[in-house]
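The values are calculated or read from the model by the stated rules, or taken from the named source; none is laboratory data. Keep in mind it's a predicted model, so treat the numbers as computed, not measured. Positions of Cβ are generated from backbone atoms using ideal geometry, with glycine treated the same way; all protein chains shown enter the neighbour counts.
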């Protein structure tokens, strides 16, 4: 049985995992688990749920790795991320965690200017995103991190494009407000 090292190429790692090589599967898991955990955590704030979804994602990854097509360096990582996002969205939908709030129901000023992010730690920005309501957080993540259009988001979440756009607008406004508050409380973050 072939073994694989930590620095093996993606195409070889995927090929070995396709052959149910336990060392390759463990290497794939160890190499990508932190990255995929971070992706899952962008959508889900409960650590136990993140672990459950990640377990489902890896089961899906290993059971469908034969569907992966190597398209060059980075394609395995992208495919793993896509599977993980899909499993995360499946979990969110299955558990009824998407609440979309009408902008009319929330009486909050929405400013158009976006605050500077230069001196704010990325971990703090991720925490702010995690604090968004699930509907806002999901649409924000799909739009910003997964680079989905409002049309694609509407199709994925079975909502109207206008709902996607308004929820994104609202999420950005809430984040901008959180950033401004952070900058006020943390002078060096300005």
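What is the number of the single condition among (1) modelled with pLDDT of 85 or more; (2) within 16 Å of the chain's Cα centre (by Cα); (3) part of a loop (DSSP other than H, G, I, E, B) that residue 126 does not meet?
Looking at each condition in turn, residue 126 falls short on (3).
Are there any pairs, at least 6 apart or on different chains, whose C-beta atoms fall under 8 Å, with the first in the range 12-30 and over 16 Å from residue 66 (Cβ atoms) and the second assigned to a helix (DSSP H, G or I), and if so, which?
Filtered contacts from the range 12-30: 23/16; 27/13; 29/58.
Test residue 51 against the criterion of being in contact (Cβ under 8 Å) with a residue 40 or more places away in the chain, surrounded by fewer than 16 Cβ atoms within 10 Å (Cβ to Cβ), more than 13 Å from the chain's Cα centre (by Cα) and on the phi < 0 side of the Ramachandran plot, and give yes or no.
Numbers: in contact (Cβ under 8 Å) with a residue 40 or more places away in the chain: no; surrounded by fewer than 16 Cβ atoms within 10 Å (Cβ to Cβ): yes; more than 13 Å from the chain's Cα centre (by Cα): yes; on the phi < 0 side of the Ramachandran plot: yes.
Answer is no for this residue.
In the range 32-75, how many are in contact with a helix residue (DSSP H, G or I) (Cβ under 8 Å, 6 or more places away or on another chain) and over 23 Å from residue 130 (Cα atoms)?
Adding up the residues that qualify gives 12.
Among the numbered conditions (1) part of a helix (DSSP H, G or I); (2) at pLDDT below 90; (3) under 26 Å from residue 182 (Cβ atoms); (4) touching a helix residue (DSSP H, G or I) at 6+ places or on another chain (Cβ under 9 Å), tell me where residue 113 comes up short.
Going through (1) part of a helix (DSSP H, G or I); (2) at pLDDT below 90; (3) under 26 Å from residue 182 (Cβ atoms); (4) touching a helix residue (DSSP H, G or I) at 6+ places or on another chain (Cβ under 9 Å) one by one, residue 113 breaks only (1).
Is it fair to say residue 98 is under 21 Å from residue 130 (Cα atoms), touching a helix residue (DSSP H, G or I) at 6+ places or on another chain (Cβ under 7 Å), modelled with pLDDT under 95 and assigned to a helix (DSSP H, G or I)?
Working: under 21 Å from residue 130 (Cα atoms): yes; touching a helix residue (DSSP H, G or I) at 6+ places or on another chain (Cβ under 7 Å): yes; modelled with pLDDT under 95: yes; assigned to a helix (DSSP H, G or I): no.
No.
For the range 132-145, enumerate the residues that are crowded, with 17+ Cβ neighbours inside 10 Å and within 21 Å of residue 36 (Cβ to Cβ).
132, 134, 137, 138, 139, 140, 141, 142, 143
Which condition does residue 144 not pass, out of (1) at pLDDT 90 or above; (2) over 30 Å from residue 20 (Cβ atoms); (3) more than 14 Å from the chain's Cα centre (by Cα), if it passes all the others?
Residue 144 satisfies all of (1) at pLDDT 90 or above; (2) over 30 Å from residue 20 (Cβ atoms); (3) more than 14 Å from the chain's Cα centre (by Cα) except (3).
Can you name the condition, by its number, that residue 174 falls short on among (1) touching a residue at least 24 places away in the same chain (Cβ under 8 Å); (2) assigned to a helix (DSSP H, G or I); (3) more than 17 Å from the chain's Cα centre (by Cα); (4) surrounded by fewer than 19 Cβ atoms within 10 Å (Cβ to Cβ)?
Of the numbered conditions (1) touching a residue at least 24 places away in the same chain (Cβ under 8 Å); (2) assigned to a helix (DSSP H, G or I); (3) more than 17 Å from the chain's Cα centre (by Cα); (4) surrounded by fewer than 19 Cβ atoms within 10 Å (Cβ to Cβ), the odd one out for residue 174 is (4).
Here is a check on your reading of the model: is residue 32 at pLDDT 95 or above, farther than 19 Å from residue 141 by Cα and not assigned by TED's automatic domain parsing to the domain that holds residue 128?
Values: at pLDDT 95 or above: yes; farther than 19 Å from residue 141 by Cα: yes; not assigned by TED's automatic domain parsing to the domain that holds residue 128: yes.
When the stated conditions are applied, residue 32 passes them.
Which of the residues spanning the range 66-84 are in a helix (DSSP H, G or I) and either at pLDDT 95 or above or within 23 Å of residue 143 (Cα to Cα) (or both)? Steps first, please.
Keep residues of the range 66-84 that are in a helix (DSSP H, G or I), which gives 66-67, 75-84.
Across the range 66-84, the qualifying residues are 75, 76, 77, 78, 79, 80, 81, 82, 83, 84.
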